[in-house]
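Here is the structure we will look at.
The values are calculated or read from the model by the stated rules, or taken from the named source; none is laboratory data. No experiment lies behind these values; they were computed from the predicted model shown. All Cβ positions, glycine included, derive from the backbone under ideal geometry; neighbour counts span all protein chains shown. Ligands, DNA and RNA are stripped out before the accessible areas are found, and what is left, the full protein with its side chains, is counted by its heavy atoms. Shrake-Rupley method; radii C 1.70, N 1.55, O 1.52, S 1.80 Å.
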Amino acid sequence: MIPRLAVPLRVLSRALSLLAAIGLAAMIATATAARAGSFADAVALFAAGSFSDSADAVSQIETSGNPLALPIVNALHDGRLYADEASKTVVIKQPDGKVINAATGAPAAMPADAGVVRLNNKLRRRIAAALGSLTLLAADPETRIQAARAVYKSHDAAALPLVEAALRKETNAAAKNALGDARAAILLFKPDAAEADKLDAIATIGARGDQEALALLSSIPGNLSPAAAKSAQSAMQAIKSRLALWSMVQDAWYGLSLGSVLLLAAIGLAITFGVMGVINMAHGEMVMIGAYTTFVVQDIIRARYPAMFDYSLLIALPLAFLVAGLIGILIERSVIRFLYGRPLETLLATWGLSLILQQAVRTAFGPNNREVGNPSWMSGAFDLGHISITYNRLWILCFALATFAVLLAVLRFTRFGLEMRAVTQNRRMAAAMGIATSRVDALTFGLGSGIAGIAGVALSQIDNVSPNLGQSYIIDSFMVVVFGGVGNLWGTLVGAFSLGIANKFLEPFAGAVLGKIAILVLIILFIQKRPRGLFALKGRAVEA
Amino acid sequence: MTFPTKSLLSAPLSRRGWLAAAAGLCLGLSTFAPARAADDTIKIGILHSLSGTMAISETTLKDAMLMLIDEQNKKGGVLGKKLEAVVVDPASNWPLFAEKARELITKDKVSVVFGCWTSVSRKSVLPVFKELDSILFYPVQYEGEESERNVFYTGAAPNQQAIPAVDYLMNESGVERWVLAGTDYVYPRTTNKILEAYLKSKGVPAGDIMVNYTPFGFSDWQTEVSKIKTFGSAGKKTAVVSTINGDANVPFYKELGNQGIKATDIPVVAFSVGEEELAGLDTKPLVGHLAAWNYFESINTPANKAFIKAWHAFTKNPKRTTNDPMEAHYIGFNMWVKAVEKAKSFDPDKVIAALPGIKQANLTGGVSEMLPNHHITKPVFIGEIQADGQFNVVSPDDPKKARLVPGDAWSDYLPGSKDLESDWVKLKCGNYNKVTKKCGGQAS
């Protein structure tokens, strides 16, 4: 019995081992097949239509090592990845307009029902992280730095080997620095990182000293050792106290920037109200007209000469001056010259004019906001130390100071300026000396209005271009001129900047609403003490 | 088709008026079928500001109403009578709203009024509508805490806009820290009060909520935005819930873009920013910021496509955007038409009684219903701003299958208000207190 049994057993065992071998081979085969297929499957997930499927697809593609991974994620980021839900085909539309199949890279035709793969914020964050780890070894150092920053933000533990590999190869100092930060951020969040690594990481992040570092340090999960927790605490303290100092600098900058806006808004009024004594409630509408001139100029440039867009503001400046100035002269000739010496009537008449101008613009351009674009040199921000300075605010500050200087020069060094000063100081004497006073009046009002117009060009960059634009500046403008001292340009300058800075230092404590109220109260108290403002004009003409 | 001029139809006709009427009659006879006597038309009041600060938002609604009335007339009017629009301009002046409302009801004898945008204008006309017993359709999202017999609220109550938006951020983006930023007036203050109570009920500590108000038309956002940036760097995912209104939005978003706050870092979800507001803005830096509405122009349904096409044809401008309050008027107007047909009368009392229960398909694929509390059921959408100034709906996944949320007049999250109930059908009361079982309760 036994030998007879032994034979089949041996056969059986041989057969079994054969089977096992076949099975193993089959498993290996299917595994490779699955790996080859998985990239296509991952890509096909984009066609499933839900955000979580797309996020899965990004994660799988990121780690696939497939050369198409980067083009796919890039296309997804730029909105060039199209998917057709029915046929599960996903295609990339290259920047040059060619279409390729995302799974194979072969040229393809755009499926008829394909739609752009939709993004939401969660997916955008996932894409940024994936782009980061995919471009860590890119040829361009700037791309590598961006990649390192993306990894720093996502601090995904899976990217650690990649970051370390990149760090070993890196030669560019800035990129090396960014990679070091990224590595530190990953180690901070890696639960099983060595104690010494964590302490190093805290020191590295702490040395950055910015808000992002603070955010990162305060979001470390709570499983730190006492020593690491303590050093994280002290690093955070150090950053906080440094940032508190910088926030003072930041407030001062905001104050200067607000001051420059106030100066721009008020400087035209400093002429019409300050020098001529006309209570000009339509001043804000001149600013608005300047802003609408900018809109019209940009509209024409957009339609006809799109390449010139960056120069649109430079073209708009003289035009806004002319348009607002001419309207100002028209107003002076038709209304205001009959009302000299009657402040109440002037106030009511110019108020009425402001309503007429507003409604005229509303009828002509519609009640909606008009889009005035920022030229490229006025967009974005740069970092100075730990504060960020936006380009548009910086340019407006420069522009306000330049306008002020030019105006001062006109008054000081030109014949028109001389005549203007003569007429405001002593009208009769000026007339006796052969100055055509009424012509000078008209031109002076035109100058004030024209300057309000160019202020509108600048303000169109930071505010709404709507018929109500002027109204929001009229109170502030009068406030600045009265505070600075009526009739004194330097007073307007100092007044604008001191009000701007005071406002911005009050705002963080008091809030925007209370801050504004506090400023108004301060001005009322100040005017009680010094009714003529900061720099009162002295002389016979004023006393008279 | 043009609208008969007002002078033609005002009751006592002058001699010139008679001449004009005769001329109009001849014209009517020669071109159209049977001419109608002047008093055979039904007047509809449109009470939207066409000048002043609110003109930016309200002018569009006036145009939308004119289009709806025009279309209804092409279908033969209502109960065999043509409709006629009476447009007045309350000029963004709140007391003038009450005056103009009185004028519409007593002098022009309108059957129904569509109008108001700001809550303060609505509050100012309420006594007029109560006293003269007429009907107002109010199309804008508002703070709730109100239910009047004469008013039908076709815009969103807080539970149809604010709370779902916060839920979305909490669940989808894992937001733990909240900035509630608003313009300083009644709608943001009440909405933020409700949201604060809601967040606290969800276990958000007080230190993770920052409430911040700015004046109307605020334009210098540097400090505020950097405050938000600092608040957002505490290591927890932060979002801004914005009830910032009107003109202040453009400089706010510009400053966000300039200071480099991206939607992936600190998303802003807004309740007052729609297609119309974005039209004045370069939206590229804003891609990914959110808005919560009950309608988006980008939702792809046949009804919406037809509506947009009609709107472009009516305004002769292929770029005019449509928005949420316009859809609210669309729903409200059609509900009114159906209620009149159901009541077989234009009498306000009969129409008010007929309105609850009326169903009207909205433009996004659902069917809205007028509830006994004079609010309607609405779908809630969360949309992300796209580079082209339109919104991409990110929640729900399929906008056409959105769940309809019934409007709740009295918030469940405010003390005092949560005991109140509004039911004009059974209880005949807008503020019935469930605890004391009395009508006339007050919200604190």
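Other protein chain C-beta atoms within 10 Å of residue C-beta, averaged over A:350-361: 1.
Between B:378, B:350, B:426, the Gaussian network model of chain B with springs among Cα atoms under 10 angstrom shows the greatest mean-square fluctuation at B:426.
Only lysines eight or more places from residue B:202 in sequence, or on another chain, were considered; those with a Cα closer than 19 Å are B:193, B:236, B:237, B:418. Place a point 7 Å from the Cα of residue A:50 along the Cα-to-Cβ direction; which residues of the range A:100-139 have their backbone N under 17 Å from it? Hits in the range A:100-139 for residue A:50 at 17 Å: A:118-123. With the simple model of a label 7 Å out from the Cα in the direction of the Cβ, residue B:99 to residue A:509 spans 4.4 nm. Nonpolar atom fraction for the range B:367-444, defined as the carbon and sulfur part of the 1.4 Å probe accessible area, stands at 52 percent.
If the elastic network links every pair of Cα atoms under 10 Å, which of B:408, B:388, B:63 fluctuates the most in the Gaussian network model of chain B? Result: B:388 has the largest fluctuation of those listed. Applying 1/(1 + (r/R0)^6) with R0 = 30 Å to the Cβ-Cβ distance of residue B:312 and residue A:86 gives a FRET efficiency near 0.50. For residue B:70 and residue B:305, the difference between the fully extended length at 0.36 nm per residue and the C-alpha to C-alpha distance is 82.8 nm. Its Cα gyration tensor gives the protein assembly as shown an equivalent ellipsoid; the semi-axes, largest first and in whole Å, are 55, 43, 27. Inter-chain neighbour count for A:117-129: the average number of beta-carbon atoms from partner chains within 10 Å of each residue's beta-carbon is 5. Placing dummy labels 7 Å off each Cα toward the beta-carbon, the span from residue A:376 to residue B:319 is 2.3 nm. Where Rh is the Kirkwood radius over the Cα pairs of the range B:354-444, the temperature 20 °C and the viscosity 1.002 mPa s, what D in µm²/s does Stokes-Einstein return? Result for D is 141 µm²/s. Per q in 0.11, 0.13, 0.15, 0.22 1/Å, what log10 I(q)/I(0) does a Debye calculation on the alpha-carbon atoms of the range B:34-112 return? The Cα Debye sum returns log10 ratios of -0.31, -0.43, -0.56, -0.99.
Residue ranges A:379-391, A:195-207, A:451-463 sort as A:451-463, A:195-207, A:379-391 when ordered by packing (mean number of other C-beta atoms within 10 Å per residue, highest first).
Rounded to the nearest 10 degrees, the angle from helix A:471-484 to the longest Cα principal axis of chain A is 60 degrees. Scaling the Cα radius of gyration of the range A:204-298 by the globular reference 2.2 N^0.38 Å produces a ratio of 1.98. A compact globular protein would have a Cα radius of gyration near 2.2 N^0.38 Å; the ratio found for the range A:336-488 is 1.28. Residue B:307 sits among other residues whose Cβ lies under 14 Å from its own Cβ, and their net charge, with Lys and Arg +1 and Asp and Glu -1, is -4.
Its relative contact order, with pairs defined as Cα atoms under 8 Å and 6+ residues apart, puts the range B:136-259 at 29 percent. For the range A:262-318, the spread of Cα coordinates along the three principal axes comes to 44, 17, 16 Å, biggest extent given first. Looking at the calculated P(r) for chain B, what percent of the C-alpha pair distances fall above 35 Å? Distances greater than 35 Å cover 31 percent of the Cα pairs.
Using the alpha carbons of chain A, what is the convex hull volume per residue in cubic angstrom, as a whole number?
Numbers: hull volume 130.1 nm³, N = 544.
Output value, Cα hull per residue: 239 Å³.
The angle between the Cα long axis of helix B:222-231 and the longest principal axis of the Cα atoms of chain B comes to about 50 degrees, rounded to the nearest 10.
Would you kindly calculate the translational diffusion coefficient of the range B:287-359, applying Stokes-Einstein with the Kirkwood radius from alpha carbon pairs, for 20 °C and a viscosity of 1.002 mPa s, and quote it in µm² s⁻¹ without decimals? Numbers along the way, then the final one.
Values: Rh = 14.3 Å.
Taking Rh from Cα pairs, D becomes 150 µm²/s.
Direction-averaged projected area, Cα convex hull, the range A:335-384: 7.3 nm², rounded to one decimal.
The range B:342-382 to the range B:219-248: how many Å between their Cα centroids? If you average the Cα positions of each part, the centres end up 38 Å apart.
Any chance you could run the full-extension gain for residue A:225 through residue A:173? It's 0.36 nm times the residue separation minus the Cα-Cα distance, nm to one decimal. Value of the extension gain: 15.5 nm.
Just to be sure I understand: with springs between alpha-carbon atoms less than 10 Å apart, which residue in B:406, B:127, B:356 has the highest mean-square fluctuation in the Gaussian network model of chain B? Highest fluctuation among the options: B:127. Residue A:384 sits among other residues whose Cβ lies under 15 Å from its own Cβ, and their net charge, with Lys and Arg +1 and Asp and Glu -1, is -1. Separation of the range A:234-285 from the range B:98-164 is 41 Å, based on Cα centroids.
Semi-axes of the equivalent ellipsoid of the range B:135-177 are 29, 8, 6 Å, computed as sqrt(5λ) over the eigenvalues of the C-alpha gyration tensor in descending order.
Taking all protein chains as present, what is the carbon and sulfur share of the accessible area of the range A:379-501, in % to the nearest whole number, probe 1.4 Å?
The C+S portion of the solvent-accessible surface of the range A:379-501 is 68 percent.
Order B:427-437, A:130-140, B:187-197 from most to least packed using the mean count of other Cβ atoms within 10 Å. Intermediate values should be presented prior to the final figure.
Working: B:427-437: 14.9, A:130-140: 19.4, B:187-197: 21.5.
Highest-to-lowest ranking by the protection proxy: B:187-197, A:130-140, B:427-437.
Here the spin labels are modelled as points 7 Å beyond Cα on the Cα-Cβ line, and at residue A:365 and residue B:237 they lie 4.1 nm apart. Once the Cβ-Cβ distance of residue A:429 and residue A:356 is raised to the sixth power relative to R0 = 35 Å, the FRET efficiency obtained is 0.45.
For the residues A:297, A:275, a 1.4 Å probe over the protein chains yields an accessible-area ranking, largest first, of A:275, A:297.
When you look at the Cβ of every residue in B:52-60, what mean number of other chain Cβ atoms sits within 10 Å? The partial results should precede the final answer.
Numbers: counts 8, 6, 2, 9, 9, 2, 1, 4, 3.
Per residue, the average neighbour count from other chains is 5.
Take the Cα of residue A:116, go 7 Å toward its beta carbon, and the backbone nitrogen atoms of the range B:360-391 under 13 Å from that spot belong to B:384-391.
Excluding ligands, DNA and RNA, what is the solvent-accessible area per residue of the protein assembly as shown at a probe of 1.4 Å, expressed in Å²? Don't skip to the end; give the middle numbers.
Values: 42970 Å² over 988 residues.
Ligands and nucleic acids excluded, the figure is 43 Å² per residue.
Could you check what % of the DSSP bridge pairs in the protein assembly as shown are antiparallel, to the nearest 5? Numbers along the way, then the final one.
Values: 36 of 69 bridges.
Expressed as a percentage, antiparallel bridges in the protein assembly as shown total about 50.
For the range B:264-340 versus the range B:36-79, the spacing of their alpha-carbon centroids is 19 Å. Please label the shape of the range A:361-449 as rounded, prolate or oblate, based on the square roots a ≥ b ≥ c of the eigenvalues of the alpha-carbon gyration tensor (a/c under 1.5 means rounded; beyond that, a/b larger than b/c means prolate, else oblate). In terms of gyration-tensor shape, oblate.
Extension gain residue B:397-residue B:200, at 0.36 nm per residue separation less the Cα-Cα distance, in nm? If you can, show how the numbers build up before the last one.
On the way: separation 197, 0.36 × 197 = 70.92 nm, distance 2.79 nm.
Taking 0.36 nm per residue and subtracting the Cα distance, the gain is 68.1 nm.
Buried surface for the A/B pair, taken as the accessible area of each chain alone minus that of the pair with a 1.4 Å probe, is close to 4000 Å² in total. Taking only the alpha carbons of the range B:179-231, we obtain Rg and Dmax values of 12.0, 34 Å in that order.
Enter the mean projected area of the convex hull around the alpha-carbon atoms of the range B:136-262, in nm², rounded to one decimal. Please report the intermediate quantities before stating the final value.
On the way: hull surface 33.2 nm².
One quarter of the hull surface, i.e. the mean projection, equals 8.3 nm².
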